[in-house]
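This report concerns only the one structure given below.
The values are calculated or read from the model by the stated rules, or taken from the named source; none is laboratory data. On a predicted model such as this, the values are computed, not experimentally measured, just so you know. Neighbour counts are summed over all protein chains in view; Cβ atoms, including those assigned to glycine, are modelled from backbone coordinates with ideal geometry.
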Amino acid sequence: MTKTGTRTALAALLATLALAVLPAQAATAASTVTAPTGSIGVQLVDVAGSPLALAGATASVYVPTPEGGGFRRATTDSAGRAVIADLPPTPYYDLTIEPPSAGSATYAPTRIDSVGVSAGISTAVTAELARGATVTGTLTGPSGAPLVGTKVTVEGMSYVFPEVETTTDEAGRYTFVGLASDVYKLFTGDQNFRTSLSWMTRVYAERPGAAPSRVALSTRLIHTAYDIGVGVNPPADGAATVGATVTLTNVATGATYAQRTGGVAGVLQPVKFAVPTGNYTVSVRTVATTSTPGRTWWYTGQLTPMTAEARAAVPKHVEFASAVGLYAKVP
């Protein structure tokens, strides 16, 4: 074969090999093409519907993936705008807005469910923010001295947003700001309530024409091992036990110990006491409502309806740190 023939054969072989490789290269290139994505464009507005120029709010959505998923976040600019980019298309993103902290002027978080995202499109979302409610209170120990550095947790009963923790200051005060409208449980200690006290209150964030709630709760006595806990079962008129006074009276000495119930109608109202060992009568003074007058009721036995006759009260024996529990059933 001549040199020319050899070169021709070699060129033909190389061309054949190239044609065989090209489909594989094309398949590889196709497999590495990034799937089309969309985005969510957020504009913050106030309760009147006007654009809210609030920088530093965090907009986030959860993006599931085969590896476990994660959050995609964006921070609002000085005009209250943010864009969460590179989102796989889906009709079911839950968008959460977490405003920056600004003391008592902090906005409440908000969540918008089922935000749809399509490939190549930015979904525009208007997110309304309201000034959040504020809750304050004071904790003391059995001696009456303020409890410093005690953890207090607040949890919304709608379970939309995570619980929030704080610690008491040098005066035993705790403060929560930026709360959304909800019924909240406040508690100390662990979730099992072995060494804790819990109480409840309802608050409202800002609404058109109405300022947010500013709730100052009554002082709470906290101790690591309570002696007696009283759960006040609400009557038909649940409002009658909102802020009711629960009093323990030592039968031998006449000494009294009193605490008020929480601020939510229609739920069990727990209060806990640290008192010396002894026998105690338990009374509940309900508050007057539009349908019922305020009255004093006396404990007569576990789950037995209370009586309006003080002489019919049945004393309860309490041992120090024994964690006695009883239910006061208000008629």
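Here are a few things to note about the model shown:
- When the stretch 258-283 is filtered for residues that are within 25 Å of Ser143 (Cα to Cα) and touching a Ser or Thr at 6+ places or on another chain (Cβ under 7 Å), the ones remaining, listed by number, are Ala258, Arg260, Thr261, Gly262, Gln269, Pro270, Val271, Tyr280, Thr281, Ser283.
- Matching residues in the stretch 290-313 - criterion: being in contact (Cβ under 8 Å) with a residue 24 or more places away in the chain and either surrounded by fewer than 16 Cβ atoms within 10 Å (Cβ to Cβ) or outside any loop (DSSP other than H, G, I, E, B) (or both): Ser291, Thr292, Gly294, Trp297, Gln302, Leu303, Thr304, Pro305, Ala310
- Within the option set Arg260, Arg285, being over 25 Å from the mean Cα position of the chain (by Cα) and at pLDDT 85 or above holds for one residue only, Arg285.
- Just one of the listed residues (Asn279, Asn233) is touching a strand residue (DSSP E or B) at 6+ places or on another chain (Cβ under 8 Å) and without any contact (Cβ under 8 Å) to a residue 60 or more places away in the chain, namely Asn279.
- Hey, Val125 surrounded by 15 or more Cβ atoms within 10 Å (Cβ to Cβ) and under 20 Å from the mean Cα position of the chain (by Cα) or not: no
- Residue within the stretch 248-256 that is of a type in the set (Val, Ile, Thr) and assigned to a loop (DSSP other than H, G, I, E, B) present: yes
- Of the residues making up the stretch 228-258, those that are farther than 30 Å from Gly132 by Cα, buried (at least 19 other Cβ atoms within 10 Å of the Cβ) and either in contact with a Gly (Cβ under 9 Å, 6 or more places away or on another chain) or not assigned by TED's automatic domain parsing to the domain that holds Lys272 (or both) are Ile228, Val230.
- Count of residues meeting criterion [without any contact (Cβ under 8 Å) to a residue 24 or more places away in the chain and within 24 Å of the chain's Cα centre (by Cα)] in the stretch 198-230: 1
- Counting only strands (runs of 3 or more DSSP E) that sit completely within the stretch 64-109, those holding 1 or more residues that are surrounded by 20 or more Cβ atoms within 10 Å (Cβ to Cβ) and in contact with a Gly (Cβ under 8 Å, 6 or more places away or on another chain) correspond to 81-87, 90-98.
- Check on Ala85, outside the structural domain of Val275 (by TED's automatic domain parsing) and within 24 Å of the chain's Cα centre (by Cα): no
- Within the stretch 264-282, if we keep just the residues that are within 32 Å of the chain's Cα centre (by Cα) and in a loop (DSSP other than H, G, I, E, B), the residue that is nearest to Thr201 (Cα to Cα) turns out to be Val264.
- Val164 touching a residue at least 24 places away in the same chain (Cβ under 8 Å), within 20 Å of Pro212 (Cβ to Cβ) and among the aliphatic types (A, V, I, L, M): no
- Hits in the stretch 200-239 (condition: touching a Pro at 6+ places or on another chain (Cβ under 6 Å) and of a type in the set (A, V, I, L, M)): Ala205
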